[in-house]
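J.: Dumping the structure here so I can ask a few things about it.
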Amino acid sequence: MTVHMAISGLVFVVSLVFIFAEKFNRVIAATVGAALMVGAGLAMGFYSEEEAILAIDFETIGLLLGMMVMVTLLEPTGFFQFLAVWAGRLSRGNPVRLLVLLGTVTTLLSMFLDNVTTVVLIAPVTILISEILGINAIPLLMAEALLSNTGGVATLVGDPPNVLIASAAGFSFNDFLTHSLPIVVLVWVTALWLLRWLFRADLTQKPKNVKAIMNLDPAEALNDWKAARKVIIVLCFTLLFFFLQETLHISPAFIALSAAAAAMFWVNPDIRDTFRRVEWTVIIFFAALFVMVGGLKASGLLGALSMLLVRGNVLSPVLMGVLLLWIVAALSSIVDNVPITIAMIPVIQGLGAAGMQVDPLWWALVFGAGFGGNGTIIGSSANIVVATLSERTRTPISPALWNKRGLPVMVATCAIATILYVLLYSFLSVR
């Protein structure tokens with residue numbers, strides 16, 4: 001190992017330690033790490049400022065920004081709360097039916113919109129409905145977080161790791177629909193059934209005041225139906241263009257940014273307020289991680305690691321994919337899956353450059369990063385948000401409770417994904 005590799009690796013590892021430390025802001029830690037990586041590269045001659053800029057995947061940044069703007073426009077209209085109240089009425093107060101309906105609504109939204117925003121807006125309504133019915137809100141809240149994480153794996157725009165992987169691997173929106181969605185559907189059904197069984201005692205509670213739920217008017221939750229309708233129409237056209245991106249030879253980032261521009265023009269919101277609510281910290285965090293990983297690549301460390309894996313590989317390609325899925329899932333259950341994904345992407349690219357068939361490895365990374373977040377209370381941002389909101393209830397979600405309910409869901413979903421991965425390995429090898 002050269003000095004360049006050692007220095008870049010040290011900067012990256014130290015930066016990750018600070019990123020995952022609770023006492024430090026992860027965005028600040030990432031930006032400082034990026035600055036240190038560029039500084040070390042300039043001092044030692046292996047990484048320049050120009051190379052750092054080129055290391056940022058603007059395809060990913062553009063797609064994330066476009067979808068964030070769309071969510072920001074839809075959020076204040078009350079559309080999310082409308083769906084939650086509608087599901088509450090449709091359940092007629094039955095706890096099991098309510099779990100299925102709210103879990104399904106959250107999943108479908110999370111397939112196309114940001115998971116955190118979805119649970120932030122639906123969870124408070126869930127708590128209100130639970131209080132009216134006199135039932136425990138915890139099964140519903142945990143189901144929303146766990147199923148949103150699971151459903152987000154199904155589409156290109158459903159989860160940040162998917163966006164990263166699609167950009168690196170050249171996967172299209174349709175590739176996710178044909179390769180990931182069928183597997184996610186079976187995994188999602190397993191997760192829902194398991195949640196029903198794990199919370200069977202709570203879900204047998206007899207609801208109170210069902211009439212009050214039936215008297216709720218979903219339309220009252222809509223603050224601005226005209227704006228919601230406009231954004232939803234633009235979202236539908238956005239999905240249509242995602243389906244046609246290969247035929248039209250346009251990128252997902254171009255589609256998302258164009259849709260955001262069209263929605264803003266049509267809705268005509270307060271631009272300052274709209275951009276104030278965009279999660280710029282997420283954009284900066286991604287850019288900083290790209291810069292750090294670019295330094296690892298420029299120093300030769302990632303290339304050396306890829307060659308080491310190729311030369312020392314005694315595992316079959318299928319087994320390598322299975323191991324990758326479980327290792328990434330285990331790591332994603334205790335740390336943010338975005339840094340893990342960004343760090344793994346150049347390694348898989350290096351394996352591909354060395355002649356290995358890596359398409360199945362990309363899908364193993366998708367499933368591991370997506371399903372692994374269900375394992376612990378800190379495994380995903382949606383988990384943390386739901387746990388925080390649960391403090392408004394009589395029985396807040398604790399890390400111990402999450403381990404008892406969320407960890408079995410993670411293990412079961414990863415197990416089902418592994419079985420399907422092995423059975424469909426040849427199909428995952430082609431596009």
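J.: If all Cα-Cα distances of the chain are sorted into 10 Å bins from 0 onward, what percent lands in each bin, rounded to whole numbers?
T.: Calculated P(r), rounded to whole percents: 5, 21, 30, 27, 13, 4, 1, 0.
J.: Which net charge results when you count Lys and Arg as +1 and Asp and Glu as -1 among the other residues whose beta-carbon is under 11 Å from that of GLY151?
T.: -2
J.: A follow-up question, please. Remind me, relative contact order of the chain in percent, using alpha carbon pairs under 8 angstrom and six or more residues apart?
T.: 24
J.: Whats the longest run of the chain with zero GluC sites (Glu not before Pro) that are DSSP loop and have at most 16 other Cβ atoms within 10 Å?
T.: 23-278
J.: How tilted is helix 181-198 with respect to the longest principal axis of the chain? Cα atoms for both, answer in degrees (0 to 90, nearest 10).
T.: 50
J.: For helix 225-243, report the angle its Cα long axis makes with the longest principal axis of the Cα atoms of the chain; keep it between 0 and 90° and round to the nearest 10°.
T.: Tilt of helix 225-243: around 40 degrees.
J.: Shifting gears a bit: What are the lysines whose alpha-carbon lies under 28 Å from the alpha-carbon of LYS206, with same-chain residues fewer than 8 places away excluded?
T.: Once the sequence-local lysines are set aside, what remains near LYS206 is LYS404.
J.: Here's something else I'd like to know. What does the helix-only formula give at 222 nm for the chain: each DSSP H stretch with n ≥ 4 adding -39500 (n - 2.57), the total divided by the residues, and the result rounded to the nearest 500 deg cm²/dmol?
T.: Value at 222 nm, helices only, nearest 500: -24000 deg cm²/dmol.
J.: Where does the charge balance sit around PHE237 when Lys and Arg score +1, Asp and Glu -1, over other residues with C-beta under 15 Å from its C-beta?
T.: Local charge sum for PHE237: +2.
J.: Which whole-Hz ³J(HN,Hα) couplings does segment 254-265 yield from phi under the Karplus relation 6.51 cos²θ - 1.76 cosθ + 1.60, θ = phi - 60°, glycine and proline marked x?
T.: Those phi angles translate into 4, 5, 5, 5, 5, 5, 4, 5, 5, 5, 5, 5 Hz.
J.: Give me the angle, in degrees from 0 to 90, between the Cα long axis of helix 79-91 and the longest principal axis of the Cα atoms of the chain, rounded to the nearest 10.
T.: 50
J.: Give me the net charge of LEU164's neighbourhood, meaning all other residues with Cβ under 10 Å from the Cβ of LEU164; Lys, Arg count +1, Asp, Glu -1.
T.: -3
J.: Kindly write out, for segment 92-103 in residue order, the coupling ³J(HN,Hα) from the Karplus curve 6.51 cos²θ - 1.76 cosθ + 1.60 (θ = phi - 60°), rounded to whole Hz, with x marking Gly and Pro.
T.: 6, x, 6, x, 5, 5, 5, 4, 5, 5, 5, x
All of the numbers you see were taken from the coordinates with simple rules; none came from a lab. Every value quoted in this text rests on a predicted model; they were computed, and no experiment measured them. Glycine also receives a Cβ, built like all others from the backbone with ideal geometry; neighbour counts cover every protein chain displayed.
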